[in-house]
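To start, the structure under review is shown below, and the notes come after it.
The values are calculated or read from the model by the stated rules, or taken from the named source; none is laboratory data. Model, not experiment: these values are computed from the prediction. Quick reminder, even Gly has a Cβ in these numbers, built from the backbone with ideal geometry, and neighbours come from all protein chains shown. Areas reflect the complete protein model, heavy atoms only, side chains present, ligands, DNA and RNA absent. Shrake-Rupley method; radii C 1.70, N 1.55, O 1.52, S 1.80 Å.
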Amino acid sequence: MADLDSINVEPFLKRYDIVMESKESPQDIASRMYPAEPALRKVAEDIVFLKNKNIEADVQAALSEFSPNEVIDGGLLRGIEIVSEIYDRGIYYLPHVMVAADGFDKGIKVAEKALAGERQVKGTVVMHAAEGDPHDIGKNIAAVLLKSNGYGVIDLGRDVAVDDVVKTVLDKRPDVLTGTALMTTTMSAFPRVAEKLQENGMELPFICAGGAVNRGYVESFPMGIYADKAAEGPRLVAKSMEGWDWRKIRENWDKLIRGEKGEE
Ligand code: B12
């Protein structure tokens with residue numbers, strides 16, 4: 001009979017989710033990443049520890065000290081970055097992330113109201129998250145920044161069918177279209193949108209962003225202009241309003257993103 005004590009069962013009994021678990025607690029990770037300012041830290045803390053009941057009041061309190069953009073970047077977005085880190089380490093699971101995303105939505109609505117008075121429409125931007133893609137946090141931030149810079153936004157939401165994007169662009173004739181894709185399975189919707197628009201004789205700058213795409217991919221189809229950060233949106237849209245077509249924006253992308261003036 002086999003001597004069971006002499007068998008090393010370790011490799012067979014390992015649970016891979018346990019192997020992935022971090023020794024650090026969410027508190028340890030968060031405390032390294034919190035913003036220094038107490039009011040912004042409170043907002044980030046609400047997002048990370050899913051205190052969605054507090055979020056509206058804490059965002060409102062932060063707005064008495066900081067601009068809406070500072071509250072969004074330094075508080076709400078920082079909270080989501082911390083949640084992403086905790087999730088990536090296998091400590092948080094999808095339900096945590098979903099609740100955090102809801103908290104983020106509540107918070108951003110309050111910050112957006114604070115921007116409302118500053119608005120006047122300079123041009124129209126149609127925004128969407130790619131067909132099959134439920135990730136819309138980055139798109140929502142970009143929408144707030146565009147609105148606060150005076151652009152009218154038609155936000156089609158998330159998981160928007162290619163045909164619905166194309167139909168809206170053909171009906172509304174916006175100055176710019178944007179798309180967000182965080183999944184490798186959804187990014188192929190962008191070239192399909194571009195192709196269908198071209199078939200219908202429509203060309204416009206199509207800003208594409210999200211973790212699944214990079215500049216090389218976005219520039220591999222017509223109209224695609226890559227954006228890495230939400231803050232780049234207003235800068236790119238401004239060029240379209242000055243009459244630059246997508247080719248010219250693409251050619252001058254490096255200068256535009258580095259904040260230089262670009263070729264006139
Ligand atoms: C939050 C989140 C979710 C939330 C989304 C909630 C929401 N309302 O968005 C929920 C819980 C729903 C979710 C679900 C899933 N998720 Co998820 N999720 C994430 C997570 C943790 C964070 C994403 C995020 O919001 N980042 C922060 C935002 C701000 O980043 P962003 O959108 O890229 O935006 C930035 C830029 O791209 C840019 N930007 C974005 N849009 C625009 C637009 C314009 C105009 C401009 C200028 C700029 C711009 O600006 C922002 C920065 O300034 C990531 C992990 C990670 N580390 O990224 C996984 C992740 C994206 N998810 C992933 C997956 C696989 C899923 C699921 C399929 C999981 C599952 N097994 O069910 C499901 C989707 C199921 C489905 N098909 O419906 C994978 C994708 C892998 C891949 N490469 O395909 C990731 C990378 C996790 C991982 N490491 O595996 N998820």
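Taking (1) in a helix (DSSP H, G or I); (2) surrounded by fewer than 21 Cβ atoms within 10 Å (Cβ to Cβ) in turn, ASN52 satisfies each apart from (1).
Among residues that are open to solvent by less than 10 Å² (accessible area, probe 1.4 Å), under 18 Å from the mean Cα position of the chain (by Cα) and either closer than 16 Å to LEU40 by Cβ or not small (Gly, Ala, Ser) (or both), ASP133 is included. Of all residues in segment 193-201, one or more are more than 21 Å from the chain's Cα centre (by Cα), among the small types (Gly, Ala, Ser), at positive phi and in a loop (DSSP other than H, G, I, E, B). No other residue among TYR87, TYR92 is aromatic (Phe, Trp, Tyr) and either within 13 Å of LEU50 (Cα to Cα) or assigned by TED's automatic domain parsing to the domain that holds ASN149 (or both) apart from TYR92.
Is at least one residue of segment 141-158 of a type outside the set (A, V, I, L, M), within 8 Å of the ligand (Cβ to nearest atom), surrounded by 17 or more Cβ atoms within 10 Å (Cβ to Cβ) and without any contact (Cβ under 8 Å) to a residue 40 or more places away in the chain? Checking segment 141-158: at least one residue is of a type outside the set (A, V, I, L, M), within 8 Å of the ligand (Cβ to nearest atom), surrounded by 17 or more Cβ atoms within 10 Å (Cβ to Cβ) and without any contact (Cβ under 8 Å) to a residue 40 or more places away in the chain.
Matching residues to (1) more than 9 Å from the ligand (Cβ to nearest atom); (2) open to solvent by 70 Å² or more (accessible area, probe 1.4 Å):
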site	(1), (2)
ALA61	yes, no
SER67	yes, no
GLY74	yes, no
TYR87	no, yes
GLY90	yes, no
ALA100	no, no
GLU112	yes, no
GLY123	yes, no
ILE137	no, no
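Exactly one residue out of PHE190, PHE221 is assigned to a helix (DSSP H, G or I) and of a type in the set (Phe, Trp, Tyr): that is PHE190.
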